[in-house]
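To start, the structure itself, in structure tokens.
The values are calculated or read from the model by the stated rules, or taken from the named source; none is laboratory data. Remember, predicted model here, so these are calculated numbers, not experimental data. We place every Cβ from the backbone using ideal geometry, glycine too, and count neighbours over all the protein chains shown. Protein only, heavy atoms only, side chains kept; ligands, DNA and RNA dropped before computing areas. Shrake-Rupley method; radii C 1.70, N 1.55, O 1.52, S 1.80 Å.
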Amino acid sequence: MYISANVVYRVNNTPLKNGVLGINEDGCIGAVLTQEEAQGIENIQHYDGVLVPGFINTHCHLELSHLRQKIAEKTGLTGFIKQILSFRQQPEEEIISAMQNADAEMYENGIVAVGDISNLLISKSVKLNSKIYYHTFVEVFGFNRPSEPIIEQALNLKKEFAPLKASIVPHAPYSVSSSLFNEIEKVTNEDDALSIHNQETIGENELFETGTGKFADFFAELGIAQNDAHNSSKNSLNYHLPLLSKEVNTLLVHNTFSSKADIDFAKKEHQKLYWCLCPNANLYIENTLPDVDVLKTERLKITLGTDSLASNHQLNILSEMQTLQEHKSISFEELLKWATLNGAEFLGIESQYGSFEKGKKPGVVLISNAENGIINKETTIKRLF
Ligand SMILES: [Zn+2]
């Protein structure tokens, strides 16, 4: 069948005014046509709005879906972590049903693929039965205990997630020892992708630079001794990036306190970096946003993520786009690339997802009531394929 809308955003190429998509029965794109090229084709279904490929959510924690509306806002990252630890344990049925709802919500919101952080196996059944593609990041942490057993456990977990795609990733610079980073590198394969929470709070940089600040206080509270990397006059990015494998696509998540100097350093250090923004979660936890202008000016590959329902009111990439549009004046077309093709490339699934090209099966999403690309309260989203 053929469908059309006011604008068809191909993402890999210029948008087509009144463009037409030929969709095969299996949802694959059979043709991408300009208005002129489509002349003579009968029965084109026209929609009022714009058509975009399905969204890629590169950072989520499905496991935390049951914490929706439970975590107080704007407490800072250490306050957030303390709350997560106190609420995390809940009956298994409750967690599973919350994850099922979250998965359905993402599908309705036009999300076709998710990079999902997992510490447990509990999300496997939801992912197996989902219409969404999941790449599971089996996340490890540990900074004052032996690394081998941690990795052993992670390898088992990764195996248990099969046939789902999974790779083993570090949680964050403040929670992973250098020996554990080394162990992670040993088990990283060519076709893996890595992800790490990066510079999410000012206290994270301070811990590494001066050994002071909110994270240093938090560690002291827990009775955890500081290590060599702390109080080293270098920040957290300088600590972890040299310890990561350089061979695989790697996602730096949040980057709320990444500076121009950090970006310069990162570009030299690692050629396969992607920078994930989770603006709604940043506002929820820290009430601040990354310096998006500098990330944009430096032409970094930016992706978008929702983070979890513990730090967001919804799992909706369009809402993340709206927040960046409102606060950072980024154009719809640019945001769309971050929300689709860049994320697909990061996950290594761009042969199927991320743009409207013949032969791909990227999902088709109708966005209505977004005049001139301005996303607002009236804007609606509908998954067509
Ligand atoms: Zn996260």
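Tabulated values for the structure
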quantity: Residue list for the range 177-205, filter: modelled with pLDDT of 95 or more, closer than 23 Å to Trp275 by Cα, charged (D, E, K, R) and touching a helix residue (DSSP H, G or I) at 6+ places or on another chain (Cβ under 9 Å); calculated: Glu185
quantity: Inter-residue pairs, beta-carbon under 8 Å, first within 11 Å of Ser123 (Cα to Cα) and in the range 83-106, second part of a helix (DSSP H, G or I) and of a type in the set (Lys, Arg), 6+ apart; calculated: Asp103/Lys127
quantity: Subset of the range 280-298 [within 13 Å of the ligand (Cβ to nearest atom) and assigned to a helix (DSSP H, G or I)]; calculated: Asn280, Ala281, Asn282, Tyr284, Ile285
quantity: Hey, Glu183 over 23 Å from the mean Cα position of the chain (by Cα), more than 21 Å from Gly348 (Cα to Cα) and surrounded by 20 or more Cβ atoms within 10 Å (Cβ to Cβ) or not; calculated: yes
quantity: Hits in the range 299-312 - residues which are in contact (Cβ under 8 Å) with a residue 40 or more places away in the chain and either within 16 Å of the ligand (Cβ to nearest atom) or within 18 Å of Glu286 (Cβ to Cβ) (or both); calculated: Thr303, Leu304, Gly305, Thr306, Asp307, Ser308, Leu309, Ala310, Ser311
quantity: Single residue of the range 256-279 satisfying the filter (within 16 Å of the chain's Cα centre (by Cα) and touching a residue at least 60 places away in the same chain (Cβ under 8 Å)) that is nearest to the ligand (Cβ to nearest atom); calculated: Cys278
quantity: Criterion (among the hydrophobic types (A, V, I, L, M, F, W, C), assigned to a helix (DSSP H, G or I) and open to solvent by 20 Å² or more (accessible area, probe 1.4 Å)) met by exactly one of Ala216, Ala220, Ala225; calculated: Ala220
quantity: Any hit, the range 313-334, residues being in the same structural domain as Ile132 (by TED's automatic domain parsing), more than 30 Å from Met1 (Cβ to Cβ), open to solvent by less than 20 Å² (accessible area, probe 1.4 Å) and of a type in the set (Phe, Trp, Tyr); calculated: no
quantity: In the range 158-215, residue farthest from Asn282 (Cα to Cα) [restricted to those that are hydroxyl-bearing (Ser, Thr, Tyr) and within 16 Å of the ligand (Cβ to nearest atom)]; calculated: Ser167
